[in-house]
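Where a number appears in this text, it was derived from the coordinates with a stated rule and is not lab data. For clarity, every value in this text was computed on a predicted model and none was experimentally measured. Virtual Cβ from ideal backbone geometry, glycine too; neighbours counted across all protein chains shown.
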């Protein structure tokens, strides 16, 4: 019988950890404790985190990816490198020609580089990579994202509870709530606990303890997302629960009874708080609907059609827009990675990323449908919904967390075992 919870024992893989893995985890701690998802100003923590992140890169993996482009062995690798070359080419030139501010150009280029992080961590052609090295990379990525999400949540909750922001504005701390790492940590903890309880072969007491611990841990990120009234986040959290419960109703119907009783009891004792949250979300829906995302798309279309080359090539890095989703203020971002790329890099680059993103999502969905291990299942489910939400509705794609989530997704699906029986040796 497989031990599905042994992966929480962080020390299990310390003997395989490398300097790069250690730097990545240290980066996650500094980033989670001192920085915002999209820092506005230079600071010592930002400088330290940037250095740690650069030290965590696997430059040998990047060199390997470049060397395998000519072989045509991996179409996804070719598209990703082509996407990077194009993104660092004409959008940068257009940004300079159109006179966009250096600050906006710099911020856009840094955000774009986050989309290229998989090239610096993952060997897309990985036959010669040892299982220990590959698994250590995946585990470090996962624990780094989980730690960052929980630290962001703790910082946001501390500001709310104590009322002491230490000079941080409400907008700054609210940005912590909408970071992709917070949503990922909440979805993983909920999915892992529920799936393990319903499908694991462990004893009832052990499954109950893990269920309670993970649910209590998930309350922290769920609470801070509630403070930000993140309707999409709570929707995908509910969908995650329903997907697992529906699967259990088919395969393990008797085991569903206890979780339903626990959920019912929790809703009974927290009915007032849950009712208030639902009321606030409903009033927000009545007031703002989809937060003017449709009007945002119209504004992007109007902006790119101002020039003959706008549709094909975009308006360049640093381009700004009077965004209806931000009350009509002029900003240099949209709330979807696809509209942002269309605005700044044009249809060609956007189409490339749509293909890459569709490939990653399709692979994650395939692995999710095949996976039996609770830990891996929860990772795939959390990755799927976090990437979808932050790609279409939130601005989380501008942060390093989004790039690391992409990297984790590619790392997991690229070394997926030929059969789930190989899962134990893989991890």
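Can you work out the FRET efficiency for the pair residue 348 and residue 29, with r the C-beta to C-beta distance and R0 = 30 Å, to the nearest 0.05?
Details: r = 39 Å, r/R0 = 1.30.
Once the sixth-power term is evaluated, E becomes 0.15.
Assuming 0.36 nm per residue, please report the length gained on full extension of the stretch residue 365 to residue 294 beyond their Cα-Cα distance.
Working: separation 71, 0.36 × 71 = 25.56 nm, distance 2.72 nm.
Taking 0.36 nm per residue and subtracting the Cα distance, the gain is 22.8 nm.
With a 10 Å Cβ neighbour count serving as the proxy for reagent exposure, in which order, fewest first, do 380, 353 appear?
353, 380
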For the pair residue 307 and residue 97, how long in nm is the line joining their label points, each one 7 Å along Cα→Cβ? 0.6 nm
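Fewest to most neighbouring Cβ within 10 Å: what's the order for 298, 306, 181?
On the way: 298 11, 306 8, 181 31.
Listed from fewest to most nearby Cβ atoms, that is 306, 298, 181.
At a 10 Å Cβ-Cβ cut-off, how would you order 372, 344, 139, fewest neighbours first?
Values: 372 13, 344 34, 139 21.
Result, fewest neighbours first: 372, 139, 344.
FRET efficiency for residue 70 and residue 158, Cβ-Cβ distance as r, R0 = 60 Å, nearest 0.05? Intermediate results must be reported in sequence, preceding the final value.
On the way: r = 52 Å, r/R0 = 0.86.
Using R0 = 60 Å, I get an efficiency of 0.70.
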Please report the spacing between the Cα centers of the range 239-258 and the range 351-419 in Å, no decimals. 23 Å
Just grab the label-to-label distance for residue 241 and residue 228, each label 7 Å out from Cα along the Cβ direction, in nm (one decimal). 2.0 nm
Highest first, please rank the peptides 89-97, 191-199, 42-50 by the mean number of other Cβ atoms sitting within 10 Å of their residues. 191-199, 89-97, 42-50
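Working out 0.36 nm times the residue gap between residue 40 and residue 60, then minus their Cα-Cα distance, what length gain in nm do you get to one decimal?
Working: separation 20, 0.36 × 20 = 7.20 nm, distance 3.16 nm.
Fully extending the segment from residue 40 to residue 60 adds 4.0 nm.
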